[in-house]
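Take a look at the structure set out below.
The values are calculated or read from the model by the stated rules, or taken from the named source; none is laboratory data. As the structure is a computational prediction, the values presented were derived from the model and not from experiment. Here the Cβ is made from the backbone with ideal geometry for all residues, glycine too, and neighbour counts use every protein chain on show. Quick note on the areas: whole protein, heavy atoms, side chains included, nothing else; ligands and nucleic acids left out. Shrake-Rupley method; radii C 1.70, N 1.55, O 1.52, S 1.80 Å.
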Amino acid sequence: MEQTLVLVKPDGVQRGLVGEVISRLERRGLKLVGMKLLQIDEALAGRHYAEHIDRPFYRGLVDFITSSPTVAMVWEAENAVILARQTMGETDPSKSPPGTIRGDLGITIGRNLVHGSDSSESAKREIGLFFQPREVLAYERNLDPWITES
Ligand code: IDP
Ligand code: MG
């Protein structure tokens, strides 16, 4: 089963939107298998956002993500990566349709509330940055046959 890393970034935590983000992913049917509140430090921010190091927004992004606590979660589903990103919307909230987290709750790209891994490979790498293997739990949900056929 595919897993993806979801972050509620400092703006989402400060604005009291942690529950809202969790609720949307829960209601969609994804399964929560890991969760923690943490203060991301410079080193972790650098590893998480390594692909963006040469971008003009990099410094501001690292300053922002390290500025206040973040909620990190692992969500599981068939196609979890795509499903979570659909539920989040586009990177730029002003281009995100209503009904998405960013489209309903955000205005600007530098304060877009959430992060979602962009591929299965990125998800594995990113989950490894935030979670020990034993912190990601395997468990059964009795409602799963009411969400998917298999
Ligand atoms: P994603 O979060 O939708 O995967 P990425 O392109 O991977 O988007 O960018 C990572 C994060 O960097 C974005 O979520 C956003 O917070 C920030 N970011 C991306 N582009 C810009 C920009 O042009 N200005 C400010 N921040 C940006
Ligand atoms: Mg990305």
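The charge dipole of region 80-150, taken about its Cα centre with unit charges on the Cβ of Lys, Arg, Asp and Glu (plus for the first two, minus for the last two), comes to roughly 220 debye. Solvent exposure of the chain, expressed per residue, is 56 Å² of accessible area, with all protein chains present and a 1.4 angstrom probe. The charge dipole of the chain, taken about its Cα centre with unit charges on the Cβ atoms of Lys, Arg (+1), Asp and Glu (-1) only, comes to about 280 debye. Near the amide H of S96, within less than 5 Å, lie the amide hydrogens of E90, all on another chain or at least 5 residues away, with H placed in the peptide plane. With all protein chains in place and a 1.4 Å probe, the accessible surface of region 61-136 carries 51 percent carbon and sulfur. Classify region 54-120 as rounded, prolate or oblate, taking a ≥ b ≥ c as the square roots of the eigenvalues of its Cα gyration tensor: rounded when a/c is under 1.5, otherwise prolate if a/b is larger than b/c and oblate if not. Verdict is oblate for region 54-120. The length gained by stretching the chain between L37 and D118 to full extension, at 0.36 nm per residue less their Cα-Cα distance, is 27.0 nm.
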